[in-house]
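All remarks here apply to the structure that follows.
The values are calculated or read from the model by the stated rules, or taken from the named source; none is laboratory data. What you are looking at is a predicted structure, and each value in this text was computed from that prediction instead of being measured. So basically every Cβ, Gly included, is an ideal-geometry build from the backbone, and we count neighbours across all protein chains shown. With ligands, DNA and RNA removed, areas are computed over all heavy atoms of the protein, side chains included. Shrake-Rupley method; radii C 1.70, N 1.55, O 1.52, S 1.80 Å.
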Amino acid sequence: MTTDTPTAAQPIVHMQQVNKHFGSLHVLKDIELSVEPGEVVVIIGASGSGKSTLIRCINGLEEFQSGHIEVDGNPLTPYGKSSKALQTIRTEVGMVFQQFNLFPHLSVRDNVTLAPIKVRGVSRQQASSTAQRLLERVGISDQADKYPSQLSGGQQQRVALARALAMEPRLMLFDEPTSALDPEMIGEVLDAMRELAREGMTMMIVTHEMGFAREVADRVIYIHSGQIVEQGPPAAVFDNPQHARTQSFLSRVL
Ligand code: ADP
Ligand code: MG
């Protein structure tokens, strides 16, 4: 007779001793980080602390020099530019940037259907119907025939979100998704992200929206000068930071 012992789910992101340099600048220092399926991790820290670089290493937009990164079981190796795993990771990881990075010459619908058709081999009809559903989900289904330049920043960012979701990602990375938006548009983007978190998407979010972080994060990570200085549930990090550097950072931003 065998007994089924529950095994912990494989983490979606697993980083061990990751170091990243830009020339002589040591930008990520011995990063140890695991993200579990369904977890929402918010990364905070001062400008230049390495938040974007950390996020970008996870989908292979930046090389790293030592350590190990696995995304959904696919290994990224240091300097590993052309690995097969990298291609897999790129299709499994969605990313939303500060600048929306939409294709300006494509309609909203075509922005959302392009990658599923080209990369996943989905039929145009199937991709269009998925796009329609995703655009509805982020509240802009009536904008499908417009071009990005005809939309507000908040609408463009929601298209970017729908575009990423169209690839059915296992993980969503956000790098300051609301930093380029006018204040009145921040809420609509955060609402869409909140909804995604509620549905169980695994998310890593770099943001300065501390109220949002407190509300949606399972874990908040504070980075200073390329090092994870402190992490924990939002209430612990925001209300009772243990490290002097975290206290000082929070006193400036809260
Ligand atoms: P953050 O997102 O926290 O503001 P970044 O990850 O963008 O920080 O940058 C971390 C450090 O790496 C900064 O000192 C930045 O100037 C430097 N840096 C970022 N990208 C590059 C690059 N492509 N070349 C050289 N230095 C870079
Ligand atoms: Mg950044």
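Values as computed for the structure displayed
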read-out: Sequence-distant residues sharing a close amide H with VAL27 (under 5 Å, placed H); value: LYS20, HIS21, PHE22
read-out: Normalised contact order of the stretch 180-238, rounded percent, pairs of Cα under 8 Å and 6 or more residues apart; value: 22
read-out: Accessible surface of the chain, 1.4 Å probe, proportion on carbon and sulfur as whole %; value: 48
read-out: The chain: relative contact order in percent, alpha carbon pairs under 8 Å with at least 6 residues between; value: 24
read-out: Scattering profile of the chain at q = 0.08, 0.15 Å⁻¹ [log10 I(q)/I(0), Debye over alpha-carbon scatterers]; value: -0.33, -1.11
read-out: Zero-based 5 Å bins, Cα pair distances in the stretch 21-109, whole percents; value: 2, 11, 21, 23, 19, 14, 6, 3, 1
read-out: Dipole magnitude of the stretch 1-147 about its Cα centre (Cβ charges: Lys, Arg +1; Asp, Glu -1), debye to nearest 20; value: 560
read-out: Nearest-20 debye value, the stretch 137-177 charge dipole, Cβ charges on Lys, Arg, Asp, Glu; value: 80
read-out: Environment charge at ARG158 (Cβ cut-off 10 Å; Lys +1, Arg +1, Asp -1, Glu -1); value: 0
read-out: Cross-link reach list, aspartates and glutamates versus LYS29, counting only Cα pairs under 16 Å and skipping chain neighbours closer than eight places; value: GLU62, GLU63, GLU230
read-out: Helix-only [θ]222 nm of the chain, DSSP H runs n ≥ 4, -39500 (n - 2.57) each, per residue, nearest 500; value: -11000 deg cm²/dmol
read-out: For the stretch 36-179, the spread of Cα positions along each principal axis, largest first, Å; value: 46, 36, 29
read-out: Local net charge near THR130, Cβ-Cβ under 15 Å (Lys/Arg +1, Asp/Glu -1); value: +4
read-out: The stretch 168-235 - convex hull of alpha carbons, volume per residue in Å³; value: 106
read-out: Per residue value of the accessible surface for the chain (all protein chains in place, 1.4 Å probe), Å²; value: 48
read-out: Centre separation in Å (Cα based) which lies between the stretch 122-187 and the stretch 194-211; value: 15
read-out: Nonlocal amide H pairs with SER66, under 5 Å, H built at 1.01 Å; value: ASN19
read-out: Coordinate range along principal axes, alpha carbons of the stretch 114-176, Å, largest first; value: 31, 27, 19
read-out: For the stretch 123-254, radius of gyration divided by Kirkwood radius, i.e. Rg to Rh on alpha-carbons; value: 1.04
read-out: Given LYS51/LYS84; LYS51/LYS146; LYS51/LYS118; LYS20/LYS118; LYS20/LYS51, the pairs whose alpha carbons are separated by over 23 Å; value: LYS51/LYS84; LYS51/LYS146; LYS51/LYS118; LYS20/LYS118
